[in-house]
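S.K.: Quick one: the structure is below, and I'll ask about it shortly.
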Amino acid sequence: MQVRSIGPQIAALAILLMAIPTPAPAQVAIGLSVNIGPPEIPIYSQPPCPLQNDIWTPGYWAYGGYGYYWVPGTWVAAPQAGYLWTPGYWGYNRGSYGWNTGYWGAQVGFYGGVNYGAGYYGSGYSGGNWSGNNFRYNTAVTRINTTVIHNVYRTTVVDPGNRVAYNGGPGGIQRRPTAAETAASHTRHIAMLPAQRLNQTTAAQNRQYLAKVNGGHPQDAAVARPLSATNRPASFKAVTAADRKAAEPAAKAAAAPKAAPKKEEPKAAVAPKEAPKMMRAKPEAPKAAPKTVQAPRAAAPKPAVQAQRPAAARVVQHAAVQHAAVQHAAVQHATPVQRPKAVQRPQAAQRPQPAQQHAAPAQHAEPAQRPEAEHKPPR
């Protein structure tokens with residue numbers, strides 16, 4: 001029996017917790033980044049304030065799956081006495097536009113210097129102020145229902161006229177927060193109320209609010225009460241699949257970087273094909289070398305023949321390279337003593353290693369006198 005009685009109490013407590021506004025430590029960006037800035041803030045007529053202590057929350061451009069869309073301005077009951085609304089704003093940073101969410105607080109903070117109209121002219125709020133637990137409305141700026149609201153005053157405020165919807169960047173509002181606005185951002189805040197969120201989500205479903213449809217001039221730019229499933233403007237038209245396709249950005253641009261690795265693949269394939277060709281050309285050169293070296297090695301064991309064969313072989317080499325056409329002249333010029341000296345010099349320079357390896361035959365070089373006898377017959 002006790003379990004049955006506690007169940008409804010827990011459910012009622014959960015509903016109450018959901019209705020309590022959640023505090024926010026400061027104004028922060030929600031992480032949304034867009035490459036194109038929003039349209040200008042349209043000029044529209046503010047509906048009269050329906051109830052005492054309602055605060056005007058101006059309209060703004062939001063971004064979703066269909067591109068930019070307008071969220072109408074509306075009257076919202078303050079979460080508690082003394083709290084004011086700081087609108088969100090678009091800020092330019094490093095080539096993109098990011099959204100900074102609005103919040104409730106005891107003071108109006110920085111909202112980018114954007115002129116939202118109806119008391120939000122870029123700094124603070126001139127549409128009214130709190131007097132104890134009652135909000136006083138400035139009738140020079142704010143429209144009210146005089147039959148319901150009596151706490152009023154009148155102070156003229158000049159509208160600057162600029163309707164740019166973002167701060168910073170090319171063409172944006174070049175304004176920075178003041179010391180008071182910076183201090184306000186560090187005080188206790190309350191995030192958007194459920195009624196405000198519902199107003200935005202319902203606006204996103206209305207085709208007439210799409211910037212690509214209305215060209216920056218939406219119908220029903222302001223409503224007396226926040227939008228919901230049961231509170232839609234007469235001009236409401238649901239978005240279509242065609243609207244989604246038209247609003248899709250060029251997502252194919254993300255596939256562009258994939259083309260870069262394809263260009264590198266053929267370069268790696270060509271390199272190995274050329275490498276083996278160079279390796280094959282190198283072994284061909286040493287094949288001719290052993291043929292020329294084998295001839296003198298065969299004559300090495302016979303000392304008597306060594307003096308005759310190298311001389312004849314050398315004469316043939318010079319005749320083949322330099323004087324291939326004159327063969328008889330090579331025989332006549334073989335007698336001078338200068339050529340054998342020139343022939344012996346390359347042997348000592350070219351073949352230092354064989355002399356060291358075959359040191360034994362160098363000791364038996366007794367027939368060194370024989371070359372003198374060989375030169376005697378020609379004399």
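Read the figures in this text as sums done on the coordinates, not as results from a lab. From a predicted model like this one, the values you see are computed outputs, not experimental measurements. In this analysis, Cβ positions are derived from the backbone assuming ideal geometry, glycine residues included, and neighbour counts consider all displayed protein chains.
S.K.: Across the stretch 184-229, which residue is surrounded by the most Cβ atoms within 10 Å (Cβ to Cβ) among those that are β-branched (Val, Ile, Thr) and under 28 Å from residue 81 (Cα atoms)?
M.R.: Step one: of the stretch 184-229, the residues β-branched (Val, Ile, Thr) are 187, 190, 201-202, 213, 223.
Then keep just the ones that are under 28 Å from residue 81 (Cα atoms); that gives 187, 190, 201-202, 223.
Numbers: 187: 13, 190: 18, 201: 15, 202: 22, 223: 19.
Here the residue is 202.
S.K.: Here is a further query. Only helices (runs of 4 or more DSSP H) wholly contained in the stretch 121-221 count here; list those with 1 or more residues that are under 26 Å from residue 78 (Cβ atoms) and in contact with a Pro (Cβ under 8 Å, 6 or more places away or on another chain).
M.R.: Details: elements: 179-184, 194-204, 211-214.
Helices (runs of 4 or more DSSP H) meeting the threshold: 194-204.
S.K.: Condition first: among the polar types (S, T, N, Q) and free of Cβ contacts under 8 Å to residues at least 60 places away in the same chain. Can you find one or more residues in the stretch 175-196 that meet it? First the steps, then the outcome.
M.R.: If we filter the stretch 175-196 for residues that are among the polar types (S, T, N, Q), which is where we start, we get 178, 182, 185, 187, 196.
Now drop any that are not free of Cβ contacts under 8 Å to residues at least 60 places away in the same chain, which leaves none.
No, the stretch 175-196 contains no residue that is among the polar types (S, T, N, Q) and free of Cβ contacts under 8 Å to residues at least 60 places away in the same chain.
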